[in-house]
Amino acid sequence: MPFIGPVPHHSGLFIATGHGMLGVTLAPATAEGIAEMVTTHRIPEAMLPFQLSGRI
């Protein structure tokens, strides 16, 4: 499962990794979600399952 979103305890650092063979296919949707996180400082609902918090 991919990790997408802000890195806890590291302000301004975002990660988008773990897409495996679907990286090129999922890149546009991932980029849109990351762009929204960076510009609005909120996590889109569709990206919530891919957060790092609670998974490390």
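Only the coordinates and a few stated rules stand behind these numbers; no lab work does. Quick caveat: nothing in here was measured; it's all calculated off a predicted structure. Every residue, glycine as well, gets a Cβ built from its backbone with ideal geometry; the counts of neighbours run over all protein chains shown.
The sole residue among M37, M21, M1 that is of a type in the set (A, V, I, L, M, F, W, C) and surrounded by 11 or more Cβ atoms within 10 Å (Cβ to Cβ) is M37. If you check I34 against the conditions, is it among the β-branched types (V, I, T), under 10 Å from the mean Cα position of the chain (by Cα) and part of a loop (DSSP other than H, G, I, E, B)? Against the criterion (among the β-branched types (V, I, T), under 10 Å from the mean Cα position of the chain (by Cα) and part of a loop (DSSP other than H, G, I, E, B)), I34 does not qualify.
Listed by first and then second residue, the pairs linking a residue in the range 17-29 that is without any contact (Cβ under 8 Å) to a residue 12 or more places away in the chain to a residue that is in a helix (DSSP H, G or I) and of a type in the set (S, T, N, Q), with Cβ atoms under 9 Å apart and 6 or more places separating them unless they lie on different chains, are G23/T30.
Tell me whether the range 45-56 contains one or more residues that are assigned to a loop (DSSP other than H, G, I, E, B), of a type in the set (S, T, Y), surrounded by 10 or more Cβ atoms within 10 Å (Cβ to Cβ) and touching a strand residue (DSSP E or B) at 6+ places or on another chain (Cβ under 9 Å). Checking the range 45-56: at least one residue is assigned to a loop (DSSP other than H, G, I, E, B), of a type in the set (S, T, Y), surrounded by 10 or more Cβ atoms within 10 Å (Cβ to Cβ) and touching a strand residue (DSSP E or B) at 6+ places or on another chain (Cβ under 9 Å).
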